[in-house]
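Okay, so here's the structure we're looking at.
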Amino acid sequence: MTASLGGRIAIVTAAGSGIGAATARRLAGHGTAVVVADLSGRRADEVAAAIVAGGGRAVAIKMDVAVPERVQATIQLALDTFGGLDIVVNNAGLAEAAPLHEISLESWNRVIAVTLTGTFLGMKYCLPLMRRQGRGVIVNTASISGIAGDYGLSSYNAAKAGVINLTRSAARENARDGIRVNCVCPGAINTRAAELLGKDRAEDFRRRNAAAHPIGRIGEPDEIASTVCFLASDESSFITGAAIVVDGGITAHTGLPDMA
Ligand SMILES: NC(=O)c1ccc[n+]([C@@H]2O[C@H](COP(=O)([O-])OP(=O)(O)OC[C@H]3O[C@@H](n4cnc5c(N)ncnc54)[C@H](O)[C@@H]3O)[C@@H](O)[C@H]2O)c1
C-alpha cells in the first residue's frame with residue numbers, strides 16, 4: 001500500500017483492458033478514486049464495477065483519447081464525481097503493422113492520432129487545472145518501441161518516440177508548478193493486444209517475444225501497473241521527465257550473439 005495515493009483522484013485511459021485495467025485496479029487498491037476511461041463503454045463499465053464491488057471508488061466513461069471534447073468530458077467527470085484531479089495516466093495507444101512503404105496515410109494518421117495526439121490532448125487539458133492547484137502527476141505509456149525501431153511498426157515507433165520526448169518537454173515546462181511528468185516504456189506484455197492476433201498467432205507471439213526478452217518471458221500488466229503507481233505516488237517525488245524501461249532486460253542487449 002502506497003500511502004500517498006490514498007484519497008487521490010486519477011484518470012486512466014484505455015483502462016478497459018490490459019495495462020490500463022491493471023493500473024486502474026492497483027490505484028484503486030491504494031485508495032485512489034479512478035475514472036476508468038475507454039473507447040469500449042462495456043469494458044470501462046466492467047472494470048469500474050469490479051473496483052466498486054471490491055470496495056474501491058471508480059466511475060466509467062466511454063471516450064476516445066483522440067477527440068478533444070471527450071478528453072475534456074473525462075476531466076469534467078473526475079471533477080463532478082470526485083471533486084478534483086491529481087493523477088492522469090495517458091495509456092491509450094494504437095499499432096498497425098505494415099512496412100513503411102505500404103502504410104496508407106489514413107493508417108499513419110490513425111496511429112499518430114491515438115498514440116501521440118491522444119497523449120498531447122490528455123496533457124493539454126489537465127495541465128491548466130494542475131498548474132492552478134500547484135500539483136499533479138502525469139504518467140504516459142510509451143514503449144520500448146519508442147526507443148528503438150521494429151520491423152513493420154514504423155508509425156508506432158515514431159508515435160511512441162514522440163510520446164517520450166513530449167513527456168520530457170511537459171516535465172521541463174511544468175516542474176516549477178509542482179507537476180511531475182514521466183513515462184513508462186514496457187517491453188512485450190501479455191494483454192488483449194496479443195489475443196487479438198488469434199489463438200495460434202497469439203501463442204507464437206508470446207513464445208517468440210519470451211525468447212527475445214533476457215528474463216525469458218513476456219511481462220504481465222500488473223508489472224507495468226506497479227511502476228505507474230510508483231511514478232504516480234510521492235515515492236517518486238524527485239523523478240520527472242524520465243522514461244522508465246520495464247522490459248525484462250530487452251533494451252539492455254545490443255542484439256549481438258552471446259560470446260560465452
Ligand atoms: N501490450 C504490449 O506488449 C505493450 C508494450 C508496450 C507498450 N504498450 C502500450 O500500452 C498501452 C496499453 O496497451 P495494452 O496492450 O494494455 O492494451 P489492450 O489491447 O489490452 O487494451 C487497449 C484498450 O484501449 C482501448 N482503446 C483503444 N483505442 C482507444 C482510444 N482511442 N481511446 C480510448 N481507449 C482506447 C481499447 O478499447 C482497449 O480496452 C498502449 O499505449 C500500448 O501501446 C503495450
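Quick note: the coordinates plus some simple rules give every number you see, no bench work behind them. Predicted, not measured: the structure shown is a model, and the values here were computed from it. Quick reminder, even Gly has a Cβ in these numbers, built from the backbone with ideal geometry, and neighbours come from all protein chains shown.
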Candidate lysines for bridging to Lys124, where Cα separation is under 23 Å - those fewer than 8 sequence places away on the same chain excluded
Lys62, Lys160
Sites Leu129 and Arg176, calculated FRET efficiency, Cβ-Cβ separation with R0 22 Å, nearest 0.05
0.85
How much net charge surrounds Leu166 when only other residues with a Cβ under 13 Å from its Cβ are counted (Lys, Arg +1; Asp, Glu -1)?
+3
How tilted is helix 41-53 with respect to the longest principal axis of the chain? Cα atoms for both, answer in degrees (0 to 90, nearest 10).
60
Of all trypsin sites (Lys or Arg not before Pro) in region 161-242, the ones in DSSP coil with at most 16 other Cβ atoms within 10 Å are Arg217
To test your reading of the geometry: what angle, between 0 and 90 degrees and rounded to tens, separates the Cα axis of helix 221-232 from the longest principal axis of the chain?
50
Relative to the first principal axis of the alpha-carbon coordinates of the chain, what is the inclination of helix 18-29, with its axis defined by its Cα atoms, in degrees from 0 to 90 and to the nearest 10?
30
Going by Cα centres, region 62-109 and region 194-260 are how many Å apart?
22
Could you check which residue among Ile87, Ile250, Ile11 shows the biggest mean-square fluctuation in a GNM of the chain with a 10 Å Cα cutoff?
Ile250
Within the chain, what is the longest stretch that has no chymotrypsin sites (Phe, Trp or Tyr not before Pro) placed in a DSSP loop and near at most 16 other beta-carbon atoms within 10 Å?
1-150
Only helices counted: for the chain, with every DSSP H run of 4 or more residues adding -39500 (n - 2.57) and the sum spread over all residues, [θ] at 222 nm is -14000 deg cm²/dmol
